[in-house]
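S.K.: Once you've had a glance at the structure underneath, I'll fire off some questions.
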Amino acid sequence: MTELLPFLDACPLLAGLPDTARHSLAGHARLHRYPAGQEIYPAGSLQSRLSIVAAGRVRICSGNAEGREATLALLDRGAWFGDTVFSPGMPRVFGATAHEDCEVVDVAGEALRGLLAQYPEAYPVALDLVSRRLWAAMSIIQDDVLRGTEARIARRLLFLAQMQNPVSDASGATSFRMTRELLANMMGMTRQGLHRVLKTIEARGLVQFEYGRLTIPDPTRLQAYIRQLD
């Protein structure tokens, strides 16, 4: 389906594949539409596919028997998810739900793995991105156990930026849709409690909230700031 090729071309996970390979992969891609609140796949599912947000937003989340939901990230247009595409048979730790009406491009895992085997030079690009996500997720776990609230919030902001395929300008700034209220819900905090800590990070020029968007002017500076909080 060549009309889906632009989404594959823009996906950083596939950047190591040659143009002809991505064109071939487009034949194994399908577009699915989900209304707000519809489950895309549950936690624990064994689906092996790469998914790219084509429109709207997707919530990566998990829930318990009482119906309480924990949100790890909100993915905007262009972001990819489905890391277990490289490990068929492994259950997904988190589920995915349409945060709002959205469209998702799904790529068959078997087809992707076959092309990566054919073009092994593409593997380092994919593995680097997956490793960065794993590092970020493990850092969040460490922060929750060992660090204070400011470090936890700063780390989650950096993680959210890394989970996107954000629009970047020449300075390296990244921007995606996010509000203080949504961030507070992710952190399990009140909006007032989040604001008291967040204003310190904003005052340093490390993040900017404006018109429902979050901008990180320099992710490298934010990462350096997190290290200073050790």
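Just so you know, all these numbers are worked out from the coordinates, no wet-lab data involved. Predicted model only: the values in this text are computed from it and were never measured. Quick reminder, even Gly has a Cβ in these numbers, built from the backbone with ideal geometry, and neighbours come from all protein chains shown.
S.K.: So, by mean Cβ neighbours within 10 angstrom, what's the order for 89-97, 38-46, 51-59 with the highest one leading?
M.R.: 51-59, 89-97, 38-46
S.K.: Can you compute the helix-only [θ] at 222 nm over the chain? Use -39500 (n - 2.57) per DSSP H run of at least 4 residues, normalise by all residues, nearest 500 deg cm²/dmol.
M.R.: The helix-only estimate for the chain comes to -12500 deg cm²/dmol at 222 nm.
S.K.: Where nothing but the Cβ of Lys and Arg (+1) and of Asp and Glu (-1) is charged, how large is the charge dipole of segment 1-49 around its Cα centre, in debye to the nearest 20?
M.R.: Dipole size: approximately 120 debye.
S.K.: Give, rounded to the nearest 20 debye, the magnitude of the charge dipole that the chain has about its Cα centre when Lys and Arg contribute +1 at Cβ and Asp and Glu contribute -1 at Cβ.
M.R.: 600
S.K.: Rounded to the nearest 0.05, what FRET efficiency do Met90 and Ala15 have when you use their Cβ-Cβ distance and R0 = 30 Å?
M.R.: Efficiency at R0 = 30 Å is approximately 0.80.
S.K.: Sticking with this one: If I fit a long axis through the Cα atoms of helix 149-163 and take the longest principal axis of the Cα atoms of the chain, what angle between them do I get, 0 to 90°, rounded to 10?
M.R.: 20
S.K.: How long is the gain from Val130 to Phe209 if the chain were fully straight, where each residue apart is worth 0.36 nm and the alpha carbon distance is subtracted?
M.R.: 25.7 nm
S.K.: Among Leu134, Gln223, Ile201, pick out the residue whose Cα is farthest towards the positive end of the charge dipole of the chain, where Lys and Arg carry +1 and Asp and Glu carry -1 on C-beta, about the Cα centre.
M.R.: Ile201
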